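Input: a single structure, listed below in structure tokens.
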Amino acid sequence: ALLGPNGLNLLMRDSSVELFGTVGLLYIMFLAGLEIDMADFKKNSKKSIIFGMYTFLIPMGLGLLAGIYIMGFSLLTSVLLASMFASHTLVAYPIISRLGLTKEKSVATAVGGTIITDTVALLVLAVVARSVGGDLDTMFWVTLVGLFSMYIILMFLILPHLSYRFFQFVGEKGRFTYVYVIGVMLMASWVAEIIGIEAIVGAFFAGLSLNQLISNKGPLKNRIEFFGDAFFIPLFLIFVGMQVDLEVLTSNSDVWIIMG
């Protein structure tokens, strides 16, 4: 924010910054999917679904009310604001992991709920994005549901089988496995964009698809986390910071109400 176009203007927000920033965002969503324990989710699926719907519907409803009746926003803007209220991340998960509490039922339920909440919130984002760029007619919904169903089959039935064969043949060591994993993330994101949902949904699903195949303490997982922490995620944060306009904080009092 300080060095970017809206600050001291020492760095330009060019195509390379945008490219690495976008990859960084996909990387964050991919890591979020990779961290979730699918075995625990399956064991606590009923509780996770109920909890996930609560953690989506309650903040979604409050966000809609706040957007329409307090801020005076339009319906679409309020839905977008509410979807940001509803979505959340497993920011405390590394602490829970270090304390050895990942097998607790409450943790498994919260993690499973995050899968439900974030997936639905991201689908809401996809619908809002489409409504701005086109029409939400019957064909859109038929196409979205049909293609999304095919995409789910590809990501959670076909891709894990292919990836298992790949890791069985190549193993987790060497640069080829890392290239394969990043390739899966980017391809899943690209296909998600093609069928009309957000690329970040694809990256998240790619992480879910591969997380049972990648050892938590193996060399590949260490390599994925290292490149994310050292390169892609910092570039994403720089990209976001360069878009921040600090003058907004002094130009409109509504901003402070929204933050509050």
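For the residues Glu18, Glu35, Glu193, a 1.4 Å probe over the protein chains yields an accessible-area ranking, largest first, of Glu193, Glu18, Glu35. Pairwise inverse Cα distances across region 1-93, averaged and inverted, put the Kirkwood hydrodynamic radius at 16.5 Å. In a reduced charge model with +1 at each Lys and Arg Cβ and -1 at each Asp and Glu Cβ, the chain shows a dipole moment near 1140 debye about its Cα centre.
Taking the Cα centre of region 153-252 as origin and assigning +1 to Lys and Arg Cβ atoms and -1 to Asp and Glu Cβ atoms, the resulting dipole is close to 660 debye. The residue among Ala199, Met150, Ala108 whose Cα reaches farthest toward the positive pole of the charge dipole of region 88-206, with charges on the beta-carbon of Lys, Arg, Asp and Glu, is Ala108. When you filter the trypsin sites (Lys or Arg not before Pro) in region 193-234 for DSSP loop state and at most 13 other Cβ atoms inside 10 Å of their Cβ, you are left with Lys217.
In this Cβ point-charge picture (+1 for Lys and Arg, -1 for Asp and Glu), region 1-81 has a dipole of about 360 debye about its Cα centre.
For Glu198, the residues whose amide H sits under 5 Å from its own are Ala126, ignoring neighbours fewer than 5 places away on the same chain, with H placed 1.01 Å from N.
With the whole protein complex present, Leu147 retains an accessible surface near 60 Å², based on a 1.4 Å probe.
Solvent exposure of Ile153, expressed as accessible area, is near 80 Å², computed with a probe of 1.4 Å over the protein chains only. Ligands, DNA and RNA left out, the accessible area of region 135-198 computed with a 1.4 Å probe is 73% carbon and sulfur.
If R₀ is 51 angstrom, what is the calculated FRET efficiency for the pair Ser106 and Leu162, using the beta carbon separation as r and rounding to 0.05? Don't jump to the answer; show the numbers that get you there.
Numbers: r = 35 Å, r/R0 = 0.68.
The pair Ser106/Leu162 has a calculated efficiency of 0.90.
When a/c is below 1.5 the answer is rounded, else prolate if a/b is larger than b/c, else oblate, so apply that to region 44-102 with a ≥ b ≥ c taken from the square roots of the Cα gyration tensor eigenvalues.
Working: a/c = 4.24, a/b = 2.20, b/c = 1.92.
Prolate is the answer for region 44-102, as a/c is 1.5 or above and a/b outweighs b/c.
When shorter helices are ignored and each DSSP H run of at least 4 residues is given -39500 (n - 2.57), the per-residue value for the chain at 222 nm works out to -23000 deg cm²/dmol.
Where q = 0.30 Å⁻¹, what log10 of I(q)/I(0) comes from the Debye formula for region 136-198, counting one point per Cα? Log10 of I(q)/I(0), two decimals: -1.23. Taking a ≥ b ≥ c as the square roots of the Cα gyration tensor eigenvalues, with a/c under 1.5 meaning rounded and otherwise prolate when a/b beats b/c, else oblate, which class fits region 108-260? Cα axes put region 108-260 in the oblate bin.
Of the listed pairs Lys47/Lys221; Lys42/Lys221; Lys47/Lys103; Lys43/Lys173, which have alpha-carbon separations greater than 19 Å here?
On the way: Lys47/Lys221 29 Å; Lys42/Lys221 22 Å; Lys47/Lys103 15 Å; Lys43/Lys173 31 Å.
Correct reply: Lys47/Lys221; Lys42/Lys221; Lys43/Lys173.
State which helices in the chain qualify, where a helix is a whole DSSP H run, it must extend 15 Å or more along its own axis by its Cα atoms, and its mean Kyte-Doolittle hydropathy must be at least 1.0. Length and hydropathy pass: 15-35, 45-65, 75-86, 105-133, 138-153, 175-194, 199-210, 233-243.
Would you kindly calculate the translational diffusion coefficient of the chain, applying Stokes-Einstein with the Kirkwood radius from alpha carbon pairs, for 4 °C and a viscosity of 1.567 mPa s, and quote it in µm² s⁻¹ without decimals? Write out the running numbers ahead of the final one.
Numbers: Rh = 20.1 Å.
Translational diffusion coefficient: 65 µm²/s.
The values are calculated or read from the model by the stated rules, or taken from the named source; none is laboratory data. These figures come from a predicted structure and were not determined experimentally. Counting neighbours? That spans all protein chains shown, and the Cβs are built from the backbone with ideal geometry, glycine included. Only protein heavy atoms, including side chains, enter the accessible area calculation; ligands, DNA and RNA are left aside. Shrake-Rupley method; radii C 1.70, N 1.55, O 1.52, S 1.80 Å.
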